Amino acid sequence: QVQLAESGGGSVQSGGSLRLSCEVSGIMSRDYCMAWFRQFPGRERDSIAVIDSEGHGGDPPRYIDSVKGRFTASRDNARNTVYLQMNMLKPEDTAMYFCAAIDRFYCPWHNDYDYWGQGTQVTVSS
């Protein structure tokens, strides 16, 4: 009954922007840690941005260094949707992007999350 559905991926040139959406159903995303992951071919999924549960105190999202300043994660609780705004995209950002949820206050950086979306492909050309 719980579903996470990503959308918004596509192909852009280096320096371009995309906004990914993750529509959540079956749970209230505001009560969950929400995270964005990406997966390069032949590699495991790596977390890139996390938003702690609002029950943790509404702390701002946290990011890995390689996307900090370029990517912005956010919540729209009225839509039960999580977003990832990606600016100044680089070819090395090319990957499959996933959203995930876990019933915790504070988001872990590992990939042992409870719920996953199907992924959306992002391709950045030089």
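The values are calculated or read from the model by the stated rules, or taken from the named source; none is laboratory data. The structure presented is a predicted model; accordingly, all values stated were derived computationally and were not measured. When we count neighbours, we look across all protein chains shown, and the Cβ atoms used for this are built from the backbone with ideal geometry, even at glycine. To get the accessible areas, we keep the full protein, side chains included, count just its heavy atoms, and leave off ligands, DNA and RNA. Shrake-Rupley method; radii C 1.70, N 1.55, O 1.52, S 1.80 Å.
Structure data summary
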{"read-out": "Checklist (1) open to solvent by 30 Å² or more (accessible area, probe 1.4 Å); (2) within 20 Å of W116 (Cβ to Cβ); (3) in a loop (DSSP other than H, G, I, E, B) applied to A78, failing item", "value": "(2)"}
{"read-out": "Residue in the range 62-71 that is among the basic types (K, R) and under 18 Å from G117 (Cα atoms) present", "value": "no"}
{"read-out": "Filter result for the condition that a residue is closer than 27 Å to Q1 by Cα, open to solvent by 30 Å² or more (accessible area, probe 1.4 Å) and either modelled with pLDDT of 95 or more or among the basic types (K, R) (or both), over S47, S66, S21, S25", "value": "S25"}
{"read-out": "Yes/no for M34 being among the aliphatic types (A, V, I, L, M) and open to solvent by 60 Å² or more (accessible area, probe 1.4 Å)", "value": "no"}
{"read-out": "Test: residue in the range 1-15 that is touching an Asp or Glu at 6+ places or on another chain (Cβ under 7 Å) and either hydrophobic (A, V, I, L, M, F, W, C) or farther than 17 Å from G119 by Cα (or both)", "value": "yes"}
{"read-out": "Close pairs from the range 59-72: first farther than 24 Å from R30 by Cβ, partner of a type in the set (A, V, I, L, M, F, W, C) and open to solvent by 50 Å² or more (accessible area, probe 1.4 Å), Cβ under 6 Å, at least 6 apart", "value": "R70/M88"}
{"read-out": "Which listed residue, of Y106, Y113, Y97, is in contact with a strand residue (DSSP E or B) (Cβ under 8 Å, 6 or more places away or on another chain), in a loop (DSSP other than H, G, I, E, B), surrounded by 15 or more Cβ atoms within 10 Å (Cβ to Cβ) and of a type in the set (F, W, Y)", "value": "Y113"}
{"read-out": "The range 8-26 residues that are in contact (Cβ under 8 Å) with a residue 24 or more places away in the chain, paired with ones that are crowded, with 17+ Cβ neighbours inside 10 Å and among the aromatic types (F, W, Y) (beta carbon under 7 Å, 6 or more apart)", "value": "G9/Y97; R19/Y83; L20/Y83; L20/Y97; S21/Y83"}
{"read-out": "Residue among Y97, Y32, Y106 that is among the hydroxyl-bearing types (S, T, Y), touching an Asp or Glu at 6+ places or on another chain (Cβ under 7 Å) and under 18 Å from G119 (Cα atoms)", "value": "Y97"}
